[in-house]
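The values are calculated or read from the model by the stated rules, or taken from the named source; none is laboratory data. Only a predicted model underlies this, so the values are computations on that prediction, with no experimental measurement involved. Virtual Cβ from ideal backbone geometry, glycine too; neighbours counted across all protein chains shown. Note: areas computed on protein heavy atoms with side chains; ligands, DNA, RNA excluded. Shrake-Rupley method; radii C 1.70, N 1.55, O 1.52, S 1.80 Å.
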Amino acid sequence: GAVVSQHPSWVICKSGTSVKIECRSLDFQATTMFWYRQFPKQSLMLMATSNEGSKATYEQGVEKDKFLINHASLTLSTLTVTSAHPEDSSFYICSASWASSSTDTQYFGPGTRLTVL
Amino acid sequence: QQQVKQSPQSLIVQKGGISIINCAYENTAFDYFPWYQQFPGKGPALLIAIRPDVSEKKEGRFTISFNKSAKQFSLHIMDSQPGDSATYFCAASDSWGKLQFGAGTQVVVTP
């Protein structure tokens with residue numbers, strides 16, 4: 001149980017275009033989803049936290065107009081990288097948890113590799 | 001500012017040996033301490049987790065030791081296997097549920 005999927009697994013786009021990444025909880029209802037980015041050989045950095053039906057809360061230094069997050073249902077959250085540039089190239093990972101869980105466990109998706117040319 | 005400090009950055013252990021990774025934190029509001037395993041190009045997978053009311057937790061070959069007074073916790077991998085070669089992250093969260101990750105430890109298990 002507690003499976004999280006992401007789509008696409010990798011994407012290459014041209015500079016200036018927008019890219020949408022989907023995160024789905026397959027076998028549970030995710031009241032909270034988190035988005036992270038990870039650069040090579042580095043740790044995960046939290047970008048934002050989203051609760052179903054609410055606006056996302058962004059971490060300090062993360063541009064909310066550049067990284068649009070939508071959590072429209074209990075099983076789906078999307079991250080849109082707008083006007084992508086080469087410095088946005090990274091590994092984007094989502095995670096999900098649910099309010100009724102007795103722990104704070106976050107279950108992670110497999111990640112999406114974004115390359116901006 | 002990294003709220004969870006992890007060491008070592010990397011370690012090499014022989015097959016059958018013990019891998020030990022240490023983490024320290026400052027924020028006493030943290031009340032949940034998971035360890036994640038990550039293979040290249042994959043998302044992190046939960047390995048084992050502990051809460052501060054317990055000093056040790058064991059699941060198979062993986063053991064967490066927790067020292068609340070020292071604000072330290074560690075992961076021990078017993079009988080290390082080549083398949084354990086991965087990057088391991090400690091993390092901590094408070095009641096808000098946001099995880100703070102350590103910098104990661106790359107473990108290489110030699111045959």
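A Cβ distance below 7 Å, combined with a sequence gap of six or more or placement on separate chains, defines the contacts here; from the range A:40-53, residues that are more than 8 Å from every other protein chain (Cβ to nearest Cβ) reach residues that are crowded, with 21+ Cβ neighbours inside 10 Å and assigned to a loop (DSSP other than H, G, I, E, B) in the pairs A:48/A:56; A:50/A:56.
Of all residues in the range A:7-27, none satisfies being touching a Gly at 6+ places or on another chain (Cβ under 8 Å), closer than 15 Å to residue A:111 by Cβ, part of a strand (DSSP E or B) and of a type in the set (Val, Ile, Thr).
To keep it simple, each residue is scored yes or no on (1) open to solvent by 20 Å² or more (accessible area, probe 1.4 Å); (2) over 14 Å from the mean Cα position of the chain (by Cα); (3) hydroxyl-bearing (Ser, Thr, Tyr).
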residue	(1), (2), (3)
B:12	yes, yes, no
B:25	no, no, yes
B:33	no, no, no
B:39	yes, yes, no
B:46	yes, no, no
B:54	yes, yes, no
B:103	yes, no, no
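Among the conditions (1) at pLDDT 95 or above; (2) within 18 Å of residue B:5 (Cα to Cα); (3) not in a loop (DSSP other than H, G, I, E, B), the only one that residue B:100 does not satisfy is (1). The single residue among B:36, B:88 that is hydroxyl-bearing (Ser, Thr, Tyr), in a strand (DSSP E or B), within 14 Å of chain A (Cβ to nearest Cβ) and touching a Gly at 6+ places or on another chain (Cβ under 8 Å) turns out to be B:88. Can you name the residue in the range A:65-85 that is closer than 17 Å to residue A:14 by Cα, touching a Gly at 6+ places or on another chain (Cβ under 9 Å) and not hydroxyl-bearing (Ser, Thr, Tyr) and, of all such residues, is surrounded by the fewest Cβ atoms within 10 Å (Cβ to Cβ)? Filtering the range A:65-85 for residues that are closer than 17 Å to residue A:14 by Cα, touching a Gly at 6+ places or on another chain (Cβ under 9 Å) and not hydroxyl-bearing (Ser, Thr, Tyr), the one surrounded by the fewest Cβ atoms within 10 Å (Cβ to Cβ) comes out as A:85. So for the range A:28-38 (the condition being farther than 22 Å from residue B:91 by Cα and surrounded by 12 or more Cβ atoms within 10 Å (Cβ to Cβ)), does at least one residue qualify? Yes: the range A:28-38 contains one or more residues that are farther than 22 Å from residue B:91 by Cα and surrounded by 12 or more Cβ atoms within 10 Å (Cβ to Cβ). Scanning the range B:56-81 for residues that are polar (S, T, N, Q), in a loop (DSSP other than H, G, I, E, B) and either open to solvent by 10 Å² or more (accessible area, probe 1.4 Å) or within 10 Å of another protein chain (Cβ to nearest Cβ) (or both) gives B:69, B:81.
Selection over the range B:58-85 of residues that are at positive phi and not basic (Lys, Arg) gives a count of 2.
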